[in-house]
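Take a look at the structure set out below.
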Amino acid sequence: MYIDDAQYQLDRFSKMFWGLTRFVLRDKAVFNEQELSFSLNDSPVHSVETGDYQLNTKGRKELEKATLYRLSHPLGEYVIEAGKALPTPPAELVFDITNHPVKISVVEALKGKSGYLILKKLTIESYETEEYLLFNAFTDDGEPIDQEVCEKLFNCQAKVYPLKDWSKSVEKRLISEAERHVAANIAKSLEKNNRHFQEERERLEKWADDLILSAERDLADTKAKIKELKRQERHATTLVEQHEIQLKIRELEKKQRRQRQQIFDVEDEIMEKRDQLIDELEKRMKQKTEQETLFMIRWKVV
């Protein structure tokens, strides 16, 4: 079944989610492609009731008494987990670009060609978790196909056929190229982390300089005022005038002590921020990676 006009108005993510839902629930629901809805006859989740569901999309009239179906719904979560658990032995996929509703030039350029493809999932854990889906593919003539073309290839409908034979030499090349792709992404991630660290360090240093400079400027201003008041005190002609000036000096000296303490506090805060930055760097240096081969296929474009 091909994607109709109503479905093609969906964004790419929603299309994939809808397609996966149709596959996982194919024996448990009746689907209405035009309304992007389905009637669930047999619920696979104890907490999910049978009945009508409609894909949550913007600008579409909602069906009465239909439950909005989205990724965060328990049924949607079940569909995702079920999809991830599906076995993916090597198979042949025949992609149909001829009947695709929109033109995809890079895929049309592959029409009549065939070859092999591998998809790997790379997870990098350091300060934060990064996940990548990495394609590697080539034609029967040995011509490599880049990541973007592979992604667009999977926008097309395809038929799946069992694979009669699987070449170990082909598998070896796929794995070798995938390993290089993985290594390149790990290096890119390290470079990005390093760039982020350098930017954070420069931002911290500027912040620290501004903070110290401001505190020292305030202290210098107070010192100058005290110095001026002491000069005035020496030239005071009455005890009352001297007393008033001494009171002002006393208040400014208290302020001066507070400002000196403030500089120490600022320096402590800067050291704490630097320690946090060092901790972050150490976490990034302890980078852990995990890779998983999701599938290997023989492909053909018609």
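The numbers here are math on the coordinates, done by the rules we state, and not lab data. In this text, all values refer to a predicted model and were calculated from it rather than measured experimentally. Because the Cβ atoms are built from the backbone with ideal geometry, glycine has one as well, and the counts that use them run over all protein chains shown.
Neighbours of Thr67, meaning other residues whose beta-carbon lies under 12 angstrom from its beta-carbon, give a summed charge of -2 when Lys and Arg score +1 and Asp and Glu score -1.
A 23 angstrom limit on the alpha carbon distance is what I want to check against. Which of Lys164/Lys300; Lys58/Lys300; Lys188/Lys300; Lys65/Lys159; Lys84/Lys120; Lys113/Lys168 exceed it? Please report the intermediate quantities before stating the final value.
Numbers: Lys164/Lys300 15 Å; Lys58/Lys300 35 Å; Lys188/Lys300 32 Å; Lys65/Lys159 35 Å; Lys84/Lys120 13 Å; Lys113/Lys168 21 Å.
Where the Cα-Cα span goes over 23 Å, the pairs concerned are Lys58/Lys300; Lys188/Lys300; Lys65/Lys159.
Taking Cα atoms only, the orientation of helix 168-234 departs from the longest principal axis of the chain by about 20 degrees.
Projected label points at Ile104 and Phe23, each 7 Å from Cα along the beta carbon direction, are separated by 1.4 nanometres. Ranked by how many other Cβ atoms sit within 10 Å of their own Cβ, fewest first, the residues Val266, Val240, Val45, Val301 fall in the order Val240, Val45, Val266, Val301. Arranged from fewest to most other beta-carbon atoms within 10 Å of their beta carbon, Met296, Met16, Met271 become Met271, Met16, Met296. What do you get for the angle between helix 239-285 and the principal long axis of the chain? Use alpha-carbon atoms, 0 to 90 degrees, nearest ten. For 239-285 against the chain, the angle is about 20 degrees. The separation of the stretch 33-70 from the stretch 79-123, counted between C-alpha centres, amounts to 27 Å.
Using 0.36 nm per residue, how much length does the chain from Leu163 to Met271 gain when fully extended, once their Cα-Cα distance is taken away? Mind dumping the intermediate values first?
On the way: separation 108, 0.36 × 108 = 38.88 nm, distance 6.20 nm.
Answer, rounded to one decimal: 32.7 nm.
Here each label is just a point 7 Å from Cα along the line to Cβ, and for Thr123 and Lys288 those points are 0.9 nm apart. Summary of packing: across the peptides 82-88, 245-251, the per-residue average of other C-beta atoms within 10 Å ranks them, highest first, as 245-251, 82-88.
Select one label from (i) 19.7, 59; (ii) 33.4, 112; (iii) 18.5, 58: the one whose number is Rg and Dmax of the Cα atoms in Å as derived from the coordinates shown. Given (i) 19.7, 59; (ii) 33.4, 112; (iii) 18.5, 58, the calculated one carries the label (ii).
Go ahead and run the numbers for FRET between Asp209 and Phe295, Cβ-Cβ distance against an R0 of 51 Å, rounding to 0.05.
Values: r = 53 Å, r/R0 = 1.05.
My answer for the efficiency is 0.45.
Look at the alpha carbon pairs under 8 Å that are at least 6 residues apart: their mean separation over the length of the chain gives a relative contact order of 25 percent. Bridgeable aspartates and glutamates around Lys206 (alpha carbons under 20 Å apart, same-chain partners fewer than 8 residues away excluded): Glu216, Asp218, Asp265, Glu267, Asp268, Glu269, Glu272, Asp275, Asp279, Glu280.
Using the 10 angstrom Cβ neighbour count as an exposure proxy, how do Ser167, Ser126 rank, fewest first?
On the way: Ser167 12, Ser126 19.
Going from sparsest to densest Cβ surroundings: Ser167, Ser126.
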